[in-house]
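The values are calculated or read from the model by the stated rules, or taken from the named source; none is laboratory data. What you see is a predicted model, and the numbers here were worked out from it, not measured in a lab. Don't worry about glycine lacking a Cβ; one is built from the backbone with ideal geometry, like all the others, and counts go over all protein chains shown. For accessibility, only protein heavy atoms count, side chains too; no ligands or nucleic acids. Shrake-Rupley method; radii C 1.70, N 1.55, O 1.52, S 1.80 Å.
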Amino acid sequence: MTNGLLPEGLRDRLPPQAEAASRLLHRVIVAIGRHGYDRVSPPLAEYEEELVGRLKSARRQDLLRFVDPVSQRTLALRPDITGQVGRIAATRLGHRPRPLRLAYGGPVLKLRATQLRPERELTQAGAELIGTAAVPAIVEVLRVAIEAMEAAGVTGITIDLTLPDLVETLAAGPLPVPADRLAALRDALDARDAGALAGIGAADYLPLLEAAGPLPAALARLRALSRWEILDQRINAITQITDALDGRVTFTLDPTERQGFEYQSLIGFSLFASGLRGEVGRGGSYAILHADGTAEPAVGFSLYIDPLVDAGLGQEPSRRVFVPVGADPIAAQALRREGWTTIAALTDDDLPVGCTHRMVGAVPEPL
């Protein structure tokens, strides 16, 4: 006999949180679908090479792998659904006209937990707009994400914008950094270590650290650095995006943030909300790799349902009616059609535990 322990990072969802999780996932998927995003449902496990082969910079070390006893090939449990949607778009839906709008929702399993998010099994839902990563597409995806969060009851939404490939682009062009120092540059920027930047001869990158924070001030600092077309393009994109959504959410900017944005390029974003610990989701622009080596632009977002459940969202007042032995089953069925939950007594000794009403004749009466 075991003691019921689960592996680290895994947990049981009990009532009423399990019902809330299902309810929130449904609300998010419905909100996304109303923007014309068709739902797909990829499998929980795939061949390892497919899970990492569709998105640029996807990492094998993030996968929980095992050998399939049928094919004798290595399978992996998905840590993210975005790459699977990319595979579907590039193969089975490759003939569909672009832009292609797809939605999804389901469980994912992370190889390792983080300090902010100790859970390894999560429920992920999101949308991918495939065939373009232009600013109007990013604006649409952000609008969909905002409405999906609002449908789940989220308030006080903040969007933290980042420029995932900016450092690499600058290092390869106007602010050159030798290839053997690029990793040190990234580490110094991640640590916000001005001394380390100077130590590797990259003091010119220091102003990028200062261009972080609430959007108006951060964008003004970024504009002050604008000496190159590649930076101007990103500033213009940020301006168009934030102008289009002005007043709906709060924006912040961190131009060098890259943790968790391994496959995003032009624009990345993290989604936060009042009363919720850590980020609720993230997204951005990226490229889907096809078998012939071509790359197709796309933009999308993913939300995590679990922090919403943990914050108490998705729970509804219970309307549970106790149905005594001998009550009319047709009347009980009519109550269920009206949205009541019926708890049928199995013996005359059963009590209305957890019920709010008792069925008297065909009518529920408060207890």
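Observations on the structure shown:
- One residue from ALA179, ALA212, ALA217 being out of contact with any helix residue (DSSP H, G or I) (no Cβ under 8 Å at 6 or more places or on another chain), surrounded by 13 or more Cβ atoms within 10 Å (Cβ to Cβ) and among the aliphatic types (A, V, I, L, M): ALA217
- Matching residues, segment 233-268, being among the basic types (Lys, Arg) and outside any loop (DSSP other than H, G, I, E, B): ARG234
- Test: residue in segment 18-34 that is under 19 Å from PRO297 (Cβ atoms) and in a loop (DSSP other than H, G, I, E, B): no
- Considering segment 136-175, the residues that are of a type in the set (D, E, K, R) and part of a helix (DSSP H, G or I) include one that is nearest to GLY33 (Cα to Cα), namely GLU147.
- Taking segment 345-367 as the range and being within 24 Å of PRO16 (Cα to Cα), in contact with a helix residue (DSSP H, G or I) (Cβ under 7 Å, 6 or more places away or on another chain) and among the hydrophobic types (A, V, I, L, M, F, W, C) as the test, only MET359 passes.
- Residue selected from segment 323-343 under the condition in a strand (DSSP E or B) and either under 40 Å from the mean Cα position of the chain (by Cα) or modelled with pLDDT under 95 (or both), by the criterion nearest to VAL28 (Cα to Cα): THR341
- Only one of the numbered conditions (1) in a helix (DSSP H, G or I); (2) open to solvent by less than 10 Å² (accessible area, probe 1.4 Å) is not met by LEU271, and that is (1).
- Those residues of segment 185-209 which are open to solvent by 40 Å² or more (accessible area, probe 1.4 Å) and among the aliphatic types (A, V, I, L, M), in sequence order: ALA191, ALA194, ALA198, ALA203, LEU206
- Whichever residue in segment 173-200 is closer than 17 Å to ARG258 by Cα and free of Cβ contacts under 8 Å to residues at least 12 places away in the same chain and, among such residues, is farthest from the chain's Cα centre (by Cα): ASP193
- Looking across ARG96, ARG92, ARG143, one residue alone is of a type outside the set (Gly, Ala, Ser), touching a residue at least 12 places away in the same chain (Cβ under 8 Å) and open to solvent by 50 Å² or more (accessible area, probe 1.4 Å). It is ARG143.
- Residue match in segment 60-70 (condition: farther than 30 Å from ARG319 by Cβ, basic (Lys, Arg), open to solvent by less than 30 Å² (accessible area, probe 1.4 Å) and outside any helix (DSSP H, G or I)): no
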